[in-house]
Amino acid sequence: MSGEGRIDLNKLERELVGALQADRKYSRENDAKFRAVSQRVATYEEFREIVNASHLNPLERKDVMDTARKQPWNMVAHLGRGEAMSEGPQAGTEDQHSSTLPKNGQDFMRAWRQLKHKGSIDQYKYLLNIGGVGLHKVFKVEISMELLGEMLQVLRDGYTANDTEHVLCILSQLSKSSRFGLSVTFLSVTEKKAVTELFQQLSTSETEQSLYDISEIAKLYSCNAN
């Protein structure tokens, strides 16, 4: 048959396959949401990661047996035991520690929690090691209000005048995350105080050569830099 009355069976098949796949995806992600709620995950970031990973199947024992473990599962934790994580940001740091940089939010949160047990200074060095651009790549889609609040307090506690440009870069890049304004709105009183104190510290170290306008960045964080 030809003309307008012709039925395109291939097209119908593709549409049917697409509909079935969409239905399976919906059911899979919906089950993952209920599972995440039942596990009482601590943050929305964890909730989202469980849903996003709902299509993955756990490895069976036969899949990992007789496989040589040539490197630690968590390079950040491994390097954190030595001097690599204690040297702080400096020239060549990105190349030196490229293997420790997180590729996604899950990588970041794993290292972030481990460093939290050591103290905010190690977390501060971790943030500067990743840098503003690296953090933006990790949290481009979204950064939770809880994690943003923690980062701001860590930046406040670890800040030194020599790190001004690094910190401003981080603050500028994080502000480009989706729904950033919403996360800022729901910061706690303690976290908002940390933001104010951080920008006060930054203002005292501002130079004419700075690449960033502190007052403009402060507005993004609903803060007066003066």
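The values are calculated or read from the model by the stated rules, or taken from the named source; none is laboratory data. Everything numeric in this text was worked out from a predicted model, so none of it was measured. Glycine gets a Cβ as well: all are built from the backbone with ideal geometry, and neighbour counts include every protein chain shown.
The table below gives the values:
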{"quantity": "Set Leu187, Leu198: member being crowded, with 19+ Cβ neighbours inside 10 Å, over 16 Å from the mean Cα position of the chain (by Cα) and at pLDDT 95 or above", "calculated": "Leu198"}
{"quantity": "Restricting region 207-226 to residues that are surrounded by 16 or more Cβ atoms within 10 Å (Cβ to Cβ) and not in a helix (DSSP H, G or I), the residue that is modelled with the highest pLDDT", "calculated": "Tyr221"}
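Yes/no per residue for (1) at pLDDT below 95; (2) closer than 21 Å to Asp213 by Cβ; (3) in a helix (DSSP H, G or I):
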{"position": "Leu115", "(1), (2), (3)": "yes, no, yes"}
{"position": "Leu128", "(1), (2), (3)": "no, yes, yes"}
{"position": "Lys137", "(1), (2), (3)": "yes, no, yes"}
{"position": "Lys140", "(1), (2), (3)": "yes, no, no"}
{"position": "Ile143", "(1), (2), (3)": "yes, no, no"}
{"position": "Glu146", "(1), (2), (3)": "yes, no, yes"}
{"position": "Leu152", "(1), (2), (3)": "no, yes, yes"}
{"position": "Leu155", "(1), (2), (3)": "no, yes, yes"}
{"position": "Asn162", "(1), (2), (3)": "yes, yes, yes"}
